[in-house]
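Okay, structure first, notes after.
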Amino acid sequence: MKRTLIITAFSLAISTSSVFGQTIQSQDHHAGHNHATTGTTKAREINQAGPHGGSLKQTDNLQIETIVSQGGLRMFVYDRTGHPVSVDQGRGAASVRVEGHAKRYRYDLLPDGKGALTAPVNLSQLAGRQIDVEIQLVGMKAAGGSVVSFNEVATVPASEQQLAAAAIGRQKICPVSGKPLGSMGDPVAVDINGQKLYVCCAGCVDAVKSNPAKYATGRPQITVTTATQADAAAIAAQKACPVMDEPLGGMGTPIKVMVGGKPIYLCCKGCIKKVQAEPAKYLAMVYGKQMGSGGTEESGSVVAGTEQVREGIFKVVAADAPFIAAQKKCPVMDEPLDAMGGPYKVNAAGKAIYICCPGCAKKIAAEPNKWLAVLKSKGVEAPLIK
């Protein structure tokens, strides 16, 4: 975000008061009385957190705790023994400067009825940014009529949502499926030894929990093999190496790199390091066209097929390759689609389901919606048959 926009949002977020500077110069007015101030007392830092988790400063007679949050600034006042001091007759001013900017913004600190002097400043757009705050407080009897003055440098904390968004942005892809986080809806957080890891959908949660050490890095497992005849349809669909933009097969047998559960085919071994360094980038290049504007994988469409193995059971063609890669396993047998001579394709209520062998076709024909639901529960949307 541009700095000018941050400052504009910051300055418009709350109302300011210009009269405090005049009020604090000479007199302290409270409860209908007029008392001349006797001087200014500087507060010094204490190397410990206050009762509310804020930063502590100490004068000869007082301890002041400063809390910086996205909702603004709060000051709690205590005596030297740590007992709370009433601030109902107190007030203050905070002069705030945002990191990297010279301009200061002045805000009143007033009693909030909850034991603190508060400046309700909307700091949400400054999360993670450092602010410098010059503070002056008056009206505390324990201060002997003096103005208490000190400086606070703090970082505006991020909200849980902002922390999660940043973590998702750093991780980028699901370590189980290899899909971009957000491509299957809102990413799902999984706790691993107190650390949050994000996966693309609920279907990947169990995989992480069953083998947390495997996925603890937050990066998908990347394996490298040589492509085989079983990969021919997928190679034909991908056509070119995403690294070199060379035709697959032009430099020998393509290299198959599995990023999580998704294959990427490369023209040569020299391209492997590129994919290992930036898997999300190359996944997007190969599978990006499968991602709809809503962030979920589009079902797309395929032809019914012309070559039948048996009635209603079709051989797959090159156009089926992306959908075979997405489905991975036969929903009936829970086996890899190429484990029993397949994959084969069947028509399930107008959508294509890929199976490992012809024997699975009867079950899908009897209950097509059941097996479509099984695929959907695993994050797979079967393509339409046209």
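The values are calculated or read from the model by the stated rules, or taken from the named source; none is laboratory data. Note that the structure is predicted; figures quoted are calculated from it, not measured. So basically every Cβ, Gly included, is an ideal-geometry build from the backbone, and we count neighbours across all protein chains shown. We work out accessible area using only protein heavy atoms, side chains counted, and drop any ligands, DNA or RNA first. Shrake-Rupley method; radii C 1.70, N 1.55, O 1.52, S 1.80 Å.
Cβ-Cβ contacts under 8 Å between residues 6 or more apart (or on different chains), taken from a first residue in the range 147-175 that is at pLDDT 90 or above to a second residue that is open to solvent by less than 10 Å² (accessible area, probe 1.4 Å) and in a helix (DSSP H, G or I), are listed as V156/L126.
If you go through the range 326-354 and keep only what is open to solvent by 60 Å² or more (accessible area, probe 1.4 Å) and of a type in the set (S, T, N, Q), you end up with just N347. Among the residues making up the range 247-265, those that are open to solvent by 50 Å² or more (accessible area, probe 1.4 Å) and either closer than 17 Å to Y287 by Cα or at pLDDT 90 or above (or both) are P247, M251, T253. Residue-level check: of (1) farther than 22 Å from P242 by Cα; (2) at pLDDT below 85; (3) of a type outside the set (A, V, I, L, M, F, W, C); (4) open to solvent by less than 60 Å² (accessible area, probe 1.4 Å), P322 misses just (1). For the range 139-153, the condition holds for at least one residue, the condition being that it is assigned to a helix (DSSP H, G or I), closer than 30 Å to D60 by Cβ and among the small types (G, A, S).
Residues of the range 107-138 being open to solvent by less than 20 Å² (accessible area, probe 1.4 Å), in contact (Cβ under 8 Å) with a residue 60 or more places away in the chain and assigned to a strand (DSSP E or B), which ones?
Y107, A119, I131, V133, I135, L137, V138
Against the condition more than 22 Å from E367 (Cβ to Cβ), modelled with pLDDT of 75 or more and part of a loop (DSSP other than H, G, I, E, B), how does D338 come out, does it pass? Judged against the criteria, D338 is a match. Scanning the range 154-164 for residues that are outside any loop (DSSP other than H, G, I, E, B) and either in contact with a strand residue (DSSP E or B) (Cβ under 6 Å, 6 or more places away or on another chain) or not acidic (D, E) (or both) returns A154, T155, Q161, Q162, L163, A164.
Taken over the range 80-97, the residue count meeting the criterion of being under 18 Å from R44 (Cα atoms), of a type in the set (D, E, K, R) and open to solvent by less than 80 Å² (accessible area, probe 1.4 Å) is 0. Suppose we keep only residues that are on the phi > 0 side of the Ramachandran plot and in a loop (DSSP other than H, G, I, E, B) within the range 165-196. Which one would you say is least open to solvent (accessible area, probe 1.4 Å)? Here the residue is G178.
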